[in-house]
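Every read-out reported here was derived from the displayed coordinates using simple, explicitly stated rules and does not represent laboratory data. It should be emphasised that the depicted structure is a prediction, and the values quoted were computed from it without experimental measurement. So basically every Cβ, Gly included, is an ideal-geometry build from the backbone, and we count neighbours across all protein chains shown.
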Amino acid sequence: MSFSEQARGLVEITRPGNAIVAGILTFIGGFVVQGSDITASGISITIAVVVTILTTAGGNTVNDYFDREIDRLNNPERPIPRGAITPRTALLFGSILFATAAGLALLLPLAAILIAIVNLVALVTYTEFFKGLPGVGNALVAYLGGSTFLFGAAAVNQLSSPAIILFLLASFSTVSREIIKDVEDVDGDREEGLNTLPIAIGERPSLLLAMGILVLMVGVSPVPYLLGTFGILYLVFVAPAVVLALYAGVLSFSDPARGQSLLKYGMFIAAAAFVGGQLTA
């Protein structure tokens, strides 16, 4: 395998797009609680964004290390199954990313450090211990996805209600998406002996649960307006996210792959609604 192919494999295994998006969500978490004053916390929020990117990249890398046998069935094009990098190289690279993130996180406020510690432990243990437990792995991934907003808010010392509500919306959306993804991957997971939620309780009950969680998310979405945190324009901004999430949930019964993909975009729109709400508050 050539050096260029190995280098491409190392970049690819981190899922750089996902890592950068996670960094952006961390910035949004800081912005929705501090608004334009976030420039006063420039160093802290910058460090938080970099920590999030490195942690997400490390988590994706370590996840691929532990998932290498499953990926031979479900995702044979991933770097390890196709031979671009060895499992040992992936584990070493992921460890370096985690160590760098941990060192930088120590420069942040205490609440942010605690969130970073919990997230690092969760990412390292997820695949090996929690992924195959029905619902538990889904909930852990949901927490990790939503915690980017909490981390950004904690980095600027303002862990307040807008960030907490955004965390809840992201967590609800993510747990639904993870359940739907498990339905999509049920054949490969069953082959590997994993006991995911669709395997434990069935595909249709799992999809019904995912839909119920999305309905709960819809119920939470107007809370920033009801609390007076954001004005009516927030509702205008968040409405497309709510509609898209519900549509994605319904679509998942016939096309889980398409449904879970749409849910990701719905979360981005919801995050944009919070930014819009802060800008017009």
Isotropically averaged projected area of the stretch 49-107, using the convex hull of Cα atoms (one quarter of hull area), nm²: 3.9
Taking N as its residue count, the alpha carbon Rg of the stretch 53-146 over 2.2 N^0.38 Å: 1.13
Estimated distance in nm for a label pair at Thr46 and Thr86, the labels positioned 7 Å out from Cα along Cα-to-Cβ: 3.8
Debye equation applied to the C-alpha atoms of the chain, log10 I(q)/I(0) at 0.08, 0.14, 0.16 Å⁻¹: -0.33, -1.02, -1.27
Fraction of alpha-carbon pairs over 13 Å apart in the stretch 186-228 - percent: 63
Percentage of interatomic Cα-Cα distances in the stretch 1-159 larger than 28 Å: 23
For Gly135, distant residues with modelled amide H under 5 Å away: Leu197
Peptide ranges 37-44, 78-85, 121-128 listed from the most packed, as the mean C-beta count within 10 angstrom indicates: 78-85, 121-128, 37-44
Computed helical MRE - 222 nm, the chain, DSSP H runs ≥ 4 contributing -39500 (n - 2.57), nearest 500: -25500 deg cm²/dmol
Choice from Tyr265, Tyr143, Tyr234 with maximal GNM fluctuation in the chain (Cα, 10 Å cutoff): Tyr265
Gyration tensor verdict on the stretch 109-264 (Cα atoms; rounded if a/c is under 1.5, prolate if a/b is larger than b/c, oblate otherwise): oblate
